[in-house]
Amino acid sequence: MADDYFTLSKAIIPEVFNDYVQETSTKTNRFIQSGITTSNFDIGNQLLQPGNVLTMPYIDDLDGKPQVWNDKHDIEVSSTTTGTQYGFKFAQVKSFGRTDWSKIYSGAPIDQVIASRFGAYWTRVDQHNLLNVVKGAFNNTDIATAKMFDDSANSFGARGFLATTALMGDLQDNSFSVIAVNSATYAQMKANQMLDKQIPQNQVVMPFGSYNGMRILVDDDIPLDGQVATSYIFQTGSVGYKVATPENAVEVFREPSKQGGRTSVINRRLSATHVMGTTLSATALGKINDEFDPESLTDGTMWDCVVDPRKIQIVAYKSKIDTDFVPKQRATSSTANKPANGGNAADNLTGK
């Protein structure tokens, strides 16, 4: 009886594998688990429709001064106002594979690795997309003016944190759930003894602890410009997030003549990540097409604000980080690539 080897084609049943990947990426996404993203992100089935832009109507809150009530004047009827937010549709695909020879030569369980880690891969992609959208929103001048406390000359500390949350006015103590920081900022917070020492009973705060009752998320996709770090403080439900499964979302295919024999898996997906209260700008709508690079969404000109910026439920805090906590770049030596005989390194490679 022939050995029953583990292979990608046996490990991956497309429909089952896609559900597994979605479940894994959702469970391991720290931003989703923290409550930052809202489940009230109604974009219907737009993710599966043509185009790269999502249309999201919204209704403004009730406003206006009440009338004096008497029998001398008719009661004036006010109307609510509406508007539209435009969001970006992330249409992304990734393929991983291995050659027959690489599996034999290395002896590594490559098939199992590919099958088991695809969900974690998409988790990292989703978190990167979320932070890029947030960066872009705060690179918009109007939003940054209203929502960012720039204290770059001073170290991260409790006073700067309170000044940042104060940008929410009378909502500053309402529903902040997460502070997202760069690893250098996290080290500064630990040095300042800013992490909560008491964890409420039956509450597990992982993996980075909490501050003022908020979960701390550490991600080095968050900006660090020299010694200046940007931290983001999120209220619950401040970011919309959704994923949809297109037709042929997962495919496993074999190419017997490529590289001596190659097996690959493709995963296609559509997703949306959107800071609630913002919209793609006219500039963005003029540029977005099926070749548009979503990394460009970090550009502040790609975004506008459709509500009073104070109502956006994220604030940003710029602060100085001690040099001890800033990741060091690898040192380069002037003699690192110099051959021992004093000749040219290229000559040594070519045998001259």
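The values are calculated or read from the model by the stated rules, or taken from the named source; none is laboratory data. Predicted, not measured: the structure shown is a model, and the values here were computed from it. A quick note on method: Cβ atoms are made from the backbone with ideal geometry, for glycine too, and the neighbour counts reach across all protein chains shown. Note: areas computed on protein heavy atoms with side chains; ligands, DNA, RNA excluded. Shrake-Rupley method; radii C 1.70, N 1.55, O 1.52, S 1.80 Å.
Summary table
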| item | result |
| --- | --- |
| Selection within region 12-33 - in a loop (DSSP other than H, G, I, E, B), open to solvent by less than 20 Å² (accessible area, probe 1.4 Å) and out of contact with any Ser or Thr (no Cβ under 6 Å at 6 or more places or on another chain) | I12 |
| Elements of type helices (runs of 4 or more DSSP H) in region 95-179, at least 2 residues being more than 28 Å from Y20 (Cα to Cα), hydrophobic (A, V, I, L, M, F, W, C) and open to solvent by less than 40 Å² (accessible area, probe 1.4 Å) | 110-138, 141-147, 158-165 |
| Residues satisfying the stated conditions in region 263-296, i.e. open to solvent by 60 Å² or more (accessible area, probe 1.4 Å), touching a residue at least 60 places away in the same chain (Cβ under 8 Å) and touching a helix residue (DSSP H, G or I) at 6+ places or on another chain (Cβ under 8 Å) | E295 |
| Search result, residues across region 42-74 that are at pLDDT below 80 and either assigned to a loop (DSSP other than H, G, I, E, B) or touching a helix residue (DSSP H, G or I) at 6+ places or on another chain (Cβ under 6 Å) (or both) | D42, G44, D60, D61, L62, D63, G64 |
| In region 297-317, the residues that are over 25 Å from G160 (Cα atoms) and open to solvent by 50 Å² or more (accessible area, probe 1.4 Å) | D299, T301, D304 |
| Output for region 230-257, where each listed residue is under 17 Å from H128 (Cα atoms), assigned to a strand (DSSP E or B) and open to solvent by less than 20 Å² (accessible area, probe 1.4 Å) | T230, S231, Y232, I233, F234, V239, G240 |
